Every structure is written in structure tokens, then in C-alpha cells.
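Participant: Before anything else, here's the structure in question.
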Amino acid sequence: MEAEKQLKQWIEESSNIVFFGGAGVSTESGIPDFRSQDGLYHQQYDYPPEQILSHTFYMKNPEEFYRFYRNKMLAPGAKPNKAHLALAKLEREGRLKAVITQNIDGLHQAAGSREVLELHGSVHRNHCLRCGKFYGLEAIENSSGIPRCSCGGMIKPDVVLYEEGLDMDVLNRAVGYISRADLLIVGGTSLTVYPAAGLIDYYRGHKLVLINRDATALDSRADLVISGKIGEVLGEACGL
């Protein structure tokens, strides 16, 4: 419990907090990490998820891509959990300056966070590859097979697929926030996916907190390591 007390104290003392999170932030909202393949997975799909979620696969086999995407990547009924709510509260209080997330579910915004940098895009944004027309999540949910634009073009989610680069503007803004932070909280990520995981190299302070259920490769670099569910840890630290 000493670590949790230390976290609470650091939060209360800080005025420039940045949060960097991954899939573990959303698992408490019932959104599974697609890497944790369920028992039905191999019965339903002939390819590993990393291959299905690649740019090449999307272009060559969009129908199978969308079958996986609708089944595994969309969770329209998911609600923000205590982690999302705690971060939104810290932003309202003026302590937290930005949420940097590897997630594509939009739950940080649903909880009320405003400055959210989505490294891997969002399921809530989709565009026609032919004419560029914008479509929301409903266009994908309410279609079958390959979703088509009114012009006949194929609609593509604004999510970063394997083989695609990250948005450099988002990446540069994330670097800026992290380099200025007095407290950097990293949660729900194993810190193995690059270039996103390399972002913490830009932190210049001495209050790096890692919150994760499992050990990460960078635990030894942290000033504080808390093993547990991020929603419970942040919720407790923020009085939720």
C-alpha cells in the first residue's frame, strides 16, 4: 500500500501530469486485448490477428478483414471504467495535461477527457478511400461485408494497421507533452510495441510510475511500480 500512497501524494503535488496507456486500460471495460486469443479464435479465423490487421491484408482481403474487425475490434456497448473517469477528473482539476493512448475505442473521450492523443487512430473515424467522405462508427456496425461509400468506394477505418506509420503530428505532440511532464503515469501496457513504447524515453522528470498487472521490460527504470488493475489503482488515488 505504500506505493499507492506515494502515487496519491505525487498526484496531489503535480500540476503537469501526462498519462500514457495501452490495452490494459480498456480490458476493465470488457474490451479484450486482441492478442489474447480466445478458444474460439482458431475455429473462426485462418490467419493470426497481426496478419489480418495489416495494410496488405486489408487491401487484398477486405471482406475477411472486416469480419475480424467487427467481431474483435468494435465494442459499441463498452463504457468507461474508473481509470478513464479518474483521468478525466484530473484533467478537469487542471493537473493532467494530456492522455496519450494506444487504444482505438474512444473511451477516454466518452469519460470526458479532452486532450487525447490517439497514437493508433480511432474506430469512430472512417473515410472513403475514393472520395474521402467521413463516416462514423455506425457505418461500419450497420453494414455487412465490405462497407461502401455512397460513391461506391471502399471505407477504411482511421486506425493504424500493421505496415502503416504513425501520424507524425500526433507523435510529435506526444513527445512534447511527455518531455514537459512533472509526473508521467504509464498504465495498461507491456511497453513492447514500438515506436509508441519509445515515447517514455523523452521523459525528463523523476516521477515515472508504471501501473500494470504484469511486469514490463522497463520496470527497472521506473521510480514507482504498482502491480494491479489500473482502474482500481487510479480510482483509489483519485478518490473515485
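The values are calculated or read from the model by the stated rules, or taken from the named source; none is laboratory data. Owing to the predicted nature of the structure, the values given are computational and were not obtained by experimental measurement. Neighbour counts are summed over all protein chains in view; Cβ atoms, including those assigned to glycine, are modelled from backbone coordinates with ideal geometry. Please note that ligands, DNA and RNA were not included when accessible areas were found on the heavy atoms of the full protein model with its side chains. Shrake-Rupley method; radii C 1.70, N 1.55, O 1.52, S 1.80 Å.
Participant: Restricting attention to the stretch 180-219, which residues are small (Gly, Ala, Ser), under 16 Å from the mean Cα position of the chain (by Cα), part of a loop (DSSP other than H, G, I, E, B) and under 20 Å from ILE17 (Cβ atoms)?
Facilitator: GLY188
Participant: Please go through the stretch 190-207 and give me each residue that is closer than 25 Å to SER15 by Cβ and surrounded by 15 or more Cβ atoms within 10 Å (Cβ to Cβ), ordered by number.
Facilitator: At the first step, the residues of the stretch 190-207 found to be closer than 25 Å to SER15 by Cβ are 199-207.
Result: LEU199, ILE200, TYR202, TYR203, GLY205, LYS207.
Participant: Only one of (1) surrounded by 15 or more Cβ atoms within 10 Å (Cβ to Cβ); (2) at pLDDT 95 or above; (3) part of a loop (DSSP other than H, G, I, E, B) is not met by ALA75, so which one is it?
Facilitator: So the condition that ALA75 fails would be (2).
Participant: Please work out which residue is nearest to HIS120 (Cα to Cα), limiting yourself to the stretch 150-161 and to residues that are open to solvent by 30 Å² or more (accessible area, probe 1.4 Å) and within 15 Å of the chain's Cα centre (by Cα).
Facilitator: VAL160
Participant: Another one. Answer yes or no as to whether SER144 is more than 19 Å from the chain's Cα centre (by Cα), more than 18 Å from GLU91 (Cα to Cα) and outside any helix (DSSP H, G or I).
Facilitator: yes
Participant: Let me ask another. Name the single residue that is most open to solvent (accessible area, probe 1.4 Å) among those in the stretch 163-189 being in contact with a Leu (Cβ under 7 Å, 6 or more places away or on another chain) and farther than 16 Å from ASN103 by Cα.
Facilitator: My answer is ARG173.
Participant: Being farther than 15 Å from PHE19 by Cβ and not polar (S, T, N, Q) is the requirement here; does VAL225 meet it?
Facilitator: Taking the combined requirement at face value, the residue satisfies it.
Participant: Shifting gears a bit: Exactly one of (1) at pLDDT below 90; (2) closer than 25 Å to PRO147 by Cα; (3) out of contact with any helix residue (DSSP H, G or I) (no Cβ under 7 Å at 6 or more places or on another chain) is unmet by SER36. Its number?
Facilitator: (2)
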